[in-house]
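Report on the following structure.
The values are calculated or read from the model by the stated rules, or taken from the named source; none is laboratory data. Everything numeric here is computed off the predicted structure, so don't read it as measured data. Here Cβ is always computed from backbone atoms with ideal geometry, including for glycine, and neighbour counts include all displayed protein chains. Remember, those area values only see protein heavy atoms, side chains included, never the ligands or the DNA or RNA. Shrake-Rupley method; radii C 1.70, N 1.55, O 1.52, S 1.80 Å.
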Amino acid sequence: MTSTARVTIVPTMRYRDAPKMLEWLCRAFGFERHFVVPGDGGTIAHAQLTYGNGMIMLGSARDDDWGTLVKPVADVGARTGAAYVVVSDVDAHCARARAAGAEIVRELENTPYGSREYAARDPEGQVWSFGTYDPWVAVL
């Protein structure tokens, strides 16, 4: 699923158990490892996962400068945003996520703007939205 096209916005997140979440995100949502830097004590200092030509960066929650700004969902008790990922076969993607244990928080639906979408919560509470709507090519 890799591509030579480069995106200029890359969402970042911190997880309490980043090694477990890295594996889960690949298994459940189809991300692929791009670059992983192990940290001390079995943590992840930095990881880059790709999906198509998109990328996310993640790491283990820790008390550092970035950690004062970005915390795992469970640490703050609320989500402050969600990542949207364009997928070609959203029904199959949803089935894969469900089979891997993702909590589907918004069932598959057709939207008024021509997309088919669903949303899922990962095991640490981060919300992910997946759909066929591609904002790069859509013209409303």
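Between Val70 and Val137, how high is the FRET efficiency from 1/(1 + (r/R0)^6) when r is the Cβ-Cβ distance and R₀ = 30 Å? Nearest 0.05. If you can, show how the numbers build up before the last one.
Details: r = 31 Å, r/R0 = 1.02.
Once the sixth-power term is evaluated, E becomes 0.45.
Among (1) 1.34; (2) 0.96; (3) 1.00, which one is Rg/Rh (Cα atoms, Kirkwood Rh) computed from these coordinates?
(2)
How much accessible surface does Ser60 have with a 1.4 Å probe, in Å² rounded to 10?
Per-residue accessible area (Ser60): approximately 10 Å².
Go ahead and run the numbers for FRET between Val10 and Glu107, Cβ-Cβ distance against an R0 of 22 Å, rounding to 0.05.
Values: r = 28 Å, r/R0 = 1.29.
E(calc), rounded to 0.05, equals 0.20.
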